[in-house]
Structure formats: C-alpha cells, structure tokens
Amino acid sequence: MTLSIDNSVMDRCGKLLRCTWSWFSGRYHKVIRGQDLLGIVLTVNHIAVPLHLLFCPKQGRYNTNKADLLIFMLIRLKAAFDREGIDITQIPLTMDSWFVSEPLRKRLQRLGFAKIIIAGKSNYVFTIAGKKQEASQWKKDLVLHDPTWGIDVPSYRVQGYSPTFGSITLFFFQKSTTRSYYLMNFSENAMRGAEIWHIWKQHHLIECFWKILKSIFHIRSMQLQGDGLYTALLIKVLGYLLALRLQAHPPLSKLTITQIMRKLSRDHDLATLLTEHFHLPFPVT
C-alpha cells in the first residue's frame, strides 16, 4: 500500500477553459498549452484509488508552485483521515523526479511522513566510494546484482553523497535490457533494497490511472467552464470507481476496465446491468 503522487498534462486549446496554461508535457517532450492535473492515489492490491485531484494554477514567481499545492493536498488528506482515526503518514509516499528538492523533503518529514521514495534525475551529481559524477554516468558504471529475494529486477543499493541532499541511499535498477533507473530514499531511516523496490514497483499504477482517465473516460473532452471543470472531473472519477466496483464482481472480474466499458455501452441500460450483477432494486423514474 502506497500513496503515489504524479501529474498529467492534457493539451487543451480553449481560451475560456479554466487552468489552461503553458506546461511541459512528457508525452510531447516540449511545452504545450493545456491543463496540468496533480493527483494523489492510494495503491492497494494492484488498484489505484484516487484520493485527491487538483488542477494546477498558473506557476511563476508570484504564484503558488506545485510543491506548495502538494503540501496543501497532503494536509487536507491527513486531516480527513485523522477524523476517521487513520494515520495516513504511516503509508509510504512515491513520486517522480520533478518533485525532488531538499525543502520539500523537510516539509514532508515535518508532516510526519516516514517513508518517502522519489525517482532521481540523470543530471544529479553523487559521490560514491570517493568518486564524483552525474547519475547518468553512475547508471553506466555500476554493476547491478542479479534478481534476488524480494527484488525481481537487476539492482544495486549503495550509499552516496549529494551536495544538495547530503548522505543519501540510492537504489539503481534495470527495468529492461537497455534502460536503467535509480531511486532516492528520502525517508528518515535507512531501508533495505527489497523494501525500497516493493514500495516503488506500485508507482506505475498512478500512470495507468491517468491513461484510463484519458483513453476511456476522455477527460480531455471536458468543456465546462469555471467550477464546472471539477464537476466534469468528478463525473469521470465516479465512472472510474464504478468500473472498479464492477471489476471486483465475479462475473466481470476477468475483464479489463476497457472491456467493462464496452459491455456497458452495449447494454445501454445501467439499471439492467446492476440488477443482473448485483441484484439490487434500482428505482426507475
């Protein structure tokens, strides 16, 4: 179980749409005009459950930055879970490299989050065993260990030193035969390589969540203005949660969300579907 944090940029051209600014898109590898949606999801049993989604406002010197937005979202989530008697800070955090900064690390730790794993950037410089060079070069030089107990990919855990972060645990791993990556342990305490990998390997679920919202629920097509932007997003998220609920039902458990949505479009009548699979009375008006 983890709290995965990520953002997704959607290209939008409308001038009247809310939160439409210039953002860097990982899909296009350049700055585009669109909306940037920041999200926090709970990953459990290979399922991503959205907890907080927020459209990013304009960034800049005199505007709120993404780090401030993230802290704002986590404070609200922490308060909501506290009211239910749940300490959300005990759940590990995972996030991508654009979140990396020492001030953010300290702010997260002050909130009480004990386990924080962040993807590292290739241009970060680390000193390992007395040798100083960029992470991109370390990924080429380090010899990774074969998969072992708890780690199903070639990996190498090592202690390094960063001019920005000080002493830090690095976890290098290889997802394919050609590309290597590394993680930084921002946690207050040291963690074994197997624990770091077990936490991080669930991070891809939030990327799958974004893809489902875009390809199946078409969040790029939302056209409501003002507060209607969040109304439209809520409808999309409720549709996603309904699809998850249907997928948990035995007759549909072997279907993907895409296949479930196709079945829904064929049936047309949601009341018939609910009666057939859940045997619940559905009032017809």
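I want the local charge near Asp146. Using Cβ-Cβ distances under 14 Å, sum +1 for each Lys or Arg and -1 for each Asp or Glu among the other residues.
Values: positive: Arg157; negative: Asp152.
Spelling it out: positives minus negatives among the neighbours equals 0.
Could you tell me the calculated FRET efficiency between Lys175 and Asn45, based on Cβ-Cβ distance and R0 = 25 angstrom, to the nearest 0.05?
Efficiency at R0 = 25 Å is approximately 0.70.
Please list, or write none, the lysines whose alpha carbon is within less than 21 Å of the alpha carbon of Lys106, excluding same-chain residues fewer than 8 places away.
Lys66, Lys78, Lys115, Lys121
If R0 is 41 Å, what FRET efficiency do you get for Tyr161 and Arg110 from their C-beta distance, rounded to 0.05?
Details: r = 23 Å, r/R0 = 0.57.
Approximately 0.95, to the nearest 0.05.
For the range 103-168, which trypsin sites (Lys or Arg not before Pro) pass both filters: DSSP loop (anything but H, G, I, E, B) and at most 15 other C-beta atoms within 10 Å?
Lys121
Around Leu77, under 14 Å between beta carbons, what's the net of Lys plus Arg minus Asp minus Glu among the other residues? Present the calculation step by step, with values, prior to reporting the outcome.
Details: positive: Arg76, Lys78, Arg83; negative: Asp82, Glu84, Asp87.
Result for the neighbourhood of Leu77: 0.
Provide the FRET efficiency to the nearest 0.05 for the Val125-Arg266 pair, computing r from the beta carbons and using R0 = 41 Å. The partial results should precede the final answer.
Working: r = 56 Å, r/R0 = 1.36.
FRET efficiency, Val125 to Arg266: 0.15.
Obtain the nm distance between the two label points defined at Ile75 and Arg220 by a simple spin-label model: each point lies 7 Å from its Cα along the Cα-to-C-beta direction.
A separation of 3.5 nm, rounded to one decimal place.
Throughout, read-outs are computed from the coordinates displayed, never taken from laboratory work. The model shown is predicted, which means the values in this text are computed figures rather than measured ones. Cβ atoms come from the backbone with ideal geometry, glycine included; neighbour counts cover every protein chain shown.
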